[in-house]
Structures are given as C-alpha cells and as structure tokens.
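In what follows, a structure is listed as structure tokens, so that the remarks can point back to it.
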Amino acid sequence: MFLDSVVPYAKDLYFDLHGEELIVGTTFTMEGILDPTKSSLCQDVNDGMDIITVTYYPQSTTGGTGDESYTAIKADFEELIALYPDPAQEIYFSEIGWVSSTYLGSSELIQANFFSNLFMAWDEHAEKIPYITIFKSTDWSSAAVDELADYYGLTDSTFTEFLRTLGLREWDGDGTNKIAYERILCELHVRDWCGTTCASLETENIELELEVYPNPTSNIIQYSGIEVASVQVFNSLGQSTLIETDNNTIDLSRFTKRIYLIHFIDQQGNSTVKKIQKI
C-alpha cells in the first residue's frame, strides 16, 4: 500500500528535521467512515495509523435540519469508537460544525444547542477523543461563498447557505457574536479550559470552607464545612435550578450526565461555587 511506504519515510524525515515523532493519520467524513458499505475500506486505510481523523457535520446539506440531540451525537461517537477500539489510536475531529441558517430550518439557538450537546457527549469520551476543532469561527462573506460554490461545483442555495452560516460570528464587518459563540465560552468555562469567562454564569464567589464529595458523582453528593441556606445548580446555558438539601446531601439523579456549577449560599448570604461532574 502507498501509505506503508510513505508513512515510515515521512516519520524518519520529520524526526531528522525536528527531533520528535510525527503523528500520522487520515481524514474521513463521519458519514463515510460509519457507512457499512465503506467502513471496511476506511479501516484498511487506517490500519497502522497513529490517529483517526474525522470531519463531522451531522446536519444534512440537502435541506431539513434539526436540533441534533445529545443522544444522537453520543451514538455517533460510540459507533466510531466501536470501529476503532484501540485506546492507543486516538480519534481527532478536525472539523465539527452546524449552521444557523433559518433557510435550512436551523437558527442561532439551534446551532448553540448543538454545541452544548456536543460538549455533553464529548465529556463521556474525552479519553478516546482528545481533540476537536469547531468549524468555523466567522461566517464567510457572500463573495467567498460564491467562489467556494464554483470550486465545489454546487451553486444551489441549499449548499451556499450551508457554507455561509457555519460560523460562530456573523459576517457583518465586525464579526458580531452568534448565540453559539457565548455558549461555547460557557462550556469552556465550566470545564476550566482556556481561562474563558461566561457572562450568564458570573456569580459572586467567596471561598468558603466547604468540601463537596464525591466528585465526579453518579447521583449523590455530600457537603460539609458550612451551614447552607440554599443551593442552585447551573448548567453551561446559564440555566439554574434551586434544589433542596437533606442532611448535607444533594441528589442529582434527575440531572443529565455533564458538568455543573453548584452555587452554595450560607446563612450570612456568602456564596461559593463548586464544579461537579455527573457521570
């Protein structure tokens, strides 16, 4: 096979030039790599590769879109992992995207919800999937879309709208943020990634002598150290739920698996926030 000769040569050359190992993989679309008629061919190509690289646009470019659910994304992830179960062969998503075009049945809110669902599914498979690139940061201009459409030979409005609205910011001269942009900042914030801030989750936070355990948890967490007056659970959407406590115990069984910020307020009105992962 061509790759059998090229990969060792590329690795040797890269090491000679840079003094470190070259990580090699291929790139397939998620649709192609999961297609039963093509998956075995993809596996033949990926045999011996360091990583598996995939592009993922679960929204169809032929019209008819929806708010892709956490369950659907998780199922796609698990099907892919089942095809490539070797823990040493990690999966990289080089592109993941969802459009905001109302013409295609989507919206800014649907786009934002897709990315929240994506992070939820990713939490469960982060060890196998260490890398995801969200595509793209800003919409293309109409002129750029027309040029790309000519390149692909697909000039119908369905395809051009798909290309035009993949960004997290609008193309309007100054890159106005869409809802998804702030939502992704919030998803990063609750995971303590990249030093991001999230306006919808900003709360006054005073360090109280509070211990919360176990973390991660499947359902029940306990706390000790202060007398708590109230407890709120925040998700990355900024949505909060006021919950009752019983004997310094909090029941999270009705919440889905993901990361939450638990906002504790003591009898004097002081507050602190703890990050909890439900697994």
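The values are calculated or read from the model by the stated rules, or taken from the named source; none is laboratory data. Computed from a predicted structure; not experimentally measured. Neighbour counts are summed over all protein chains in view; Cβ atoms, including those assigned to glycine, are modelled from backbone coordinates with ideal geometry.
Overview of values
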| read-out | value |
| --- | --- |
| Some residue of the range 230-241 being in a strand (DSSP E or B), more than 30 Å from PHE114 (Cβ to Cβ) and touching a strand residue (DSSP E or B) at 6+ places or on another chain (Cβ under 7 Å) | yes |
| Residue under evaluation ALA180, criteria (1) among the small types (Gly, Ala, Ser); (2) farther than 30 Å from HIS263 by Cα; (3) part of a helix (DSSP H, G or I), criterion not met | (2) |
| Residue within the range 247-262 that is touching a His at 6+ places or on another chain (Cβ under 9 Å), of a type outside the set (D, E, K, R) and not in a loop (DSSP other than H, G, I, E, B) present | yes |
| Among the candidates GLY238, GLY225, residue that is without any contact (Cβ under 8 Å) to a residue 24 or more places away in the chain and on the phi > 0 side of the Ramachandran plot | GLY225 |
| Test result for GLY173, out of contact with any strand residue (DSSP E or B) (no Cβ under 9 Å at 6 or more places or on another chain), part of a loop (DSSP other than H, G, I, E, B) and in contact (Cβ under 8 Å) with a residue 12 or more places away in the chain | no |
| Test: residue in the range 46-57 that is part of a loop (DSSP other than H, G, I, E, B), at pLDDT 95 or above and among the acidic types (Asp, Glu) | yes |
| Identity of the residue in the range 65-102, β-branched (Val, Ile, Thr) and modelled with pLDDT of 90 or more, that ends up farthest from the chain's Cα centre (by Cα) | THR102 |
| In the range 93-149, the residues that are in contact with a helix residue (DSSP H, G or I) (Cβ under 6 Å, 6 or more places away or on another chain), surrounded by fewer than 18 Cβ atoms within 10 Å (Cβ to Cβ) and closer than 19 Å to TRP193 by Cα | HIS125 |
